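This report concerns only the one structure given below.
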Amino acid sequence: MSPTHRTRRAALCLAGVAVVGVAGCAGDGPDTTTTGTGTESADGAATESPEPTDTATAESPELDLREANVVGVTVESNADGYRFDVTLLHDDDGEDGYANWWQVETTAGDRLGRRELLHAHGTREFTRSTTVSVPAGTVCVVVRGHDQTHGYGGQSMLVNVETGETEAVRQGAERRSAADRGCP
């Protein structure tokens, strides 16, 4: 076999591996991963954002991974409302359903916005973003995860939209009201 033929074969093999590696996420649409400071917006357009100033991660070995646990939230004000970068941890490998959305609510439970998730993500943390309009005068919101099998439950996060401070709330297997909790 000539050196040119071996080089061509190696290049074709590497190209094939790259195509197979990317194919697992084909058709995912706007369900994209935040990496570094560059992200894709909900409409798929690339955006640049400054490094987040306040990040909270509240991961613990005691989390019930059958639930869609919110383990991190960053929030940043922009012209359209507040951009929420939400990190979930859920065992998408261990059951038929998967974490299919997260949402931002008032502490009274009124939904302000939702980020749909289009596919399973395995048993690992993953971050998705969306911009939500928060009513004037609202300082504290709740971010909750949801999965197809168990619904709401697991860990939610109280978020102060003015300061970016967060507080993890262990709900257990059912959704729990945050109306009586103070804002972090």
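Couple of notes before you dig in:
- Residue in region 92-117 that is surrounded by the fewest Cβ atoms within 10 Å (Cβ to Cβ), counting only those that are over 21 Å from ALA168 (Cβ atoms) and at pLDDT below 70: ASP96
- Top-ranked residue in region 137-184 [being touching a residue at least 24 places away in the same chain (Cβ under 8 Å) and among the basic types (Lys, Arg); ranked as surrounded by the most Cβ atoms within 10 Å (Cβ to Cβ)]: ARG144
- Inspection of region 120-128 finds a residue satisfying the criterion of being over 17 Å from VAL169 (Cβ atoms), of a type in the set (A, V, I, L, M, F, W, C) and modelled with pLDDT under 95.
The values are calculated or read from the model by the stated rules, or taken from the named source; none is laboratory data. A quick note: this is a predicted structure, and the numbers were derived from the prediction, not measured. We place every Cβ from the backbone using ideal geometry, glycine too, and count neighbours over all the protein chains shown.
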